[in-house]
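Taking it in order: structure first as structure tokens, then the write-up.
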Amino acid sequence: MPEHPFANYLLGLKARPRALAELRRVAPATAHEDVTAIKHLAGWAGESALGPLRSPFVVAVLFAYHPAHEPLVPFAEAVRRLGRDEALDRRMERLLVAEWSVLPELLRQMVRRLKTADQGFDYGYLFADLERIETRRNPDPRIAWARTYYRLAKADQPTK
């Protein structure tokens, strides 16, 4: 499966450490209104009319926090690989039901946990998922996140 075009764009940003450093200073929830984020996503605008969408800005800032793109690894699977505990379950539950207005901050917190564990994931998948959530297209990707997260969790339980 070929890389998502936005993931390829982000990988290009990885070669520009200054761009990543500047994006790390941008809050994900307001990145779509930040001149710095707009500047660094201007190249992407040529491939896709950004219009009012916030998703590309959120994903770009998250990538700047943790530029570990791992193709074909969905976000929920990467989170599950952190290892189950009550705190992680609570964070995931909040992500699964969050309104768009708080979702970027919750994602930032989770991406920081992934960074601490040196666990990457596919940013192209996350971009597509966030676009669906933001535009309220069905099915909501968070259903797939829940299935992946809890299915993997069940599979990790020891058998008796």
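The values are calculated or read from the model by the stated rules, or taken from the named source; none is laboratory data. Please read all numbers here as calculations on a predicted model, not as lab measurements. No Cβ is skipped: glycine too gets one built from the backbone with ideal geometry, and neighbour counts run over all protein chains shown. The area values use the complete protein model at the heavy-atom level, side chains included, leaving out ligands, DNA and RNA. Shrake-Rupley method; radii C 1.70, N 1.55, O 1.52, S 1.80 Å.
Looking at the stretch 105-126, which of its residues are open to solvent by less than 10 Å² (accessible area, probe 1.4 Å) and of a type in the set (A, V, I, L, M)?
Matches in the stretch 105-126: Leu107, Met110, Val111, Leu114, Leu126.
Find all pairs meeting these conditions: Cβ atoms under 7 angstrom apart; at least six residues apart or on different chains; first residue within the stretch 14-34 and touching a residue at least 60 places away in the same chain (Cβ under 8 Å); second residue open to solvent by 30 Å² or more (accessible area, probe 1.4 Å).
Correct list of pairs: Pro28/Glu105; Pro28/Arg108; Ala29/Glu105.
Please verify whether the stretch 127-149 includes one or more residues that are open to solvent by 70 Å² or more (accessible area, probe 1.4 Å), in a helix (DSSP H, G or I) and more than 28 Å from Pro52 (Cα to Cα). Let's see the steps before the verdict.
So the first thing to find is which residues in the stretch 127-149 are open to solvent by 70 Å² or more (accessible area, probe 1.4 Å), and the list is 136-139, 143, 147.
Next, from what is left, pick out any that are in a helix (DSSP H, G or I): 143, 147.
Next cut, more than 28 Å from Pro52 (Cα to Cα) only: 147.
Scanning the stretch 127-149 turns up at least one residue that is open to solvent by 70 Å² or more (accessible area, probe 1.4 Å), in a helix (DSSP H, G or I) and more than 28 Å from Pro52 (Cα to Cα).
Which one is farthest from Asp118 (Cα to Cα), of the residues in the stretch 84-104 that are open to solvent by less than 30 Å² (accessible area, probe 1.4 Å) and more than 11 Å from the chain's Cα centre (by Cα)? Spell out the reasoning first.
Taking the stretch 84-104 and keeping what is open to solvent by less than 30 Å² (accessible area, probe 1.4 Å), we get 88-89, 92, 95, 98, 103-104.
Filter again for more than 11 Å from the chain's Cα centre (by Cα), leaving 88-89, 92, 95, 98.
Numbers: Leu88: 16, Asp89: 19, Met92: 18, Leu95: 20, Ala98: 25 Å.
Here the residue is Ala98.
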